[in-house]
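Have a look at the structure below before the remarks.
The values are calculated or read from the model by the stated rules, or taken from the named source; none is laboratory data. Values in this document were obtained by computation on a predicted structure and should not be read as measured data. Reconstructed Cβ throughout: ideal geometry from the backbone, glycine too, with neighbour counts over all protein chains shown. These area figures cover heavy atoms from the full protein model, side chains too; ligands, DNA and RNA do not enter into them. Shrake-Rupley method; radii C 1.70, N 1.55, O 1.52, S 1.80 Å.
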Amino acid sequence: MLSTACDWFGGAQPDNVIARVNEQYLYRSQLADIVPAGSSAEDSSRLVKAYIESWIREELLLDQAKKRLSSRSKDIEQKLEDYRRSLLIYSLEDEIMTSRLDTAIDPQLLESYFELNKAQFLLRDPIFKGRFVKLENGAPKTELLRRLLTSKRHKEEKQLEDYCLQYATNYHLNDSSWAYSGEVLRSMPRELIDRINFNSRGLFETSDEQYQYFVVVNAFRDVGEEPPLELERNNIRDLILLQRRQQAIARYIDEMYQRAEAEQKFEIYP
């Protein structure tokens, strides 16, 4: 049976039976896609033999499952049918969305949605704009670091990044966008957190037996406060698209129902 690849895929009857487990059959045509093009006869035979053995083992397991789990089989079959139905409906919905969903969102719509739904977006973690650098004690040029951290000159940003790449054990330099302060707080000693409390602005620093810490706070918002729109823009966009998706699907179902009703494709019996 396993002599050559031609033995497997040749012959006048492509659906000849290759193997059987009880009342289940494996046919020659089911093996056509398992051997990569250009495989040698030896490799083809090895792959086919492995596939057949795997198929037999799986069918034997399924047979045992049906026998030993007969009391639960109806529940399993119902779950499979429910999953199949859900998958078919979801696939149809995706097809509908491809042709019907308008994904363009005007910036003004984002702002309006944010203004009307601010309570949904109140901060659960503090956020801040600023810079943070953690150095080992004895790191050189700390005066240069202090100047670079507070500098507003664009050309010195690269110099600051180069310094941190060379000497810092941890750092956050992007002070033009909001960051969740928890990411930075985890690297700060408690003493420094208590001192700045993110209520002041400017450069703060401290040290312990191993590290020096520098943080520049430009802006801060605490838990329960309103976040900036820029931080929630992508979330709002996703929410608007979700609403549009739900509305488009509901319209499609209504139209389908009305057509079916007009064509008398269903009846409701008293």
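Here is how the numbers come out for the structure above:
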| quantity | calculated |
| --- | --- |
| Filtered residue count, the stretch 50-91, keeping only those that are in contact with a helix residue (DSSP H, G or I) (Cβ under 9 Å, 6 or more places away or on another chain) and either more than 30 Å from Ala19 (Cβ to Cβ) or not aromatic (Phe, Trp, Tyr) (or both) | 6 |
| Residue list for the stretch 85-116, filter: outside any helix (DSSP H, G or I), among the β-branched types (Val, Ile, Thr) and open to solvent by 70 Å² or more (accessible area, probe 1.4 Å) | Thr103 |
| Out of Asp82, Asp75, sole residue that is at pLDDT below 85, loosely packed, with under 12 Cβ neighbours inside 10 Å and assigned to a helix (DSSP H, G or I) | Asp75 |
| Which listed residue, of Ala119, Ala50, Ala65, is closer than 30 Å to Asn234 by Cβ and not aromatic (Phe, Trp, Tyr) | Ala119 |
| Hey, Val35 open to solvent by less than 50 Å² (accessible area, probe 1.4 Å) and part of a loop (DSSP other than H, G, I, E, B) or not | yes |
| Filter pass, Asn234 being closer than 28 Å to His154 by Cα, in contact (Cβ under 8 Å) with a residue 60 or more places away in the chain, surrounded by fewer than 16 Cβ atoms within 10 Å (Cβ to Cβ) and polar (S, T, N, Q) | no |
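Let's see how each residue does on (1) in a strand (DSSP E or B); (2) surrounded by fewer than 11 Cβ atoms within 10 Å (Cβ to Cβ); (3) touching a Gly at 6+ places or on another chain (Cβ under 9 Å):
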position: Asn174; (1), (2), (3): no, no, no
position: Ser187; (1), (2), (3): no, no, no
position: Thr206; (1), (2), (3): yes, no, no
position: Tyr213; (1), (2), (3): yes, no, no
position: Glu226; (1), (2), (3): no, no, no
position: Leu242; (1), (2), (3): no, yes, no
position: Gln247; (1), (2), (3): no, no, no
position: Ile253; (1), (2), (3): no, no, no
position: Gln258; (1), (2), (3): no, yes, no
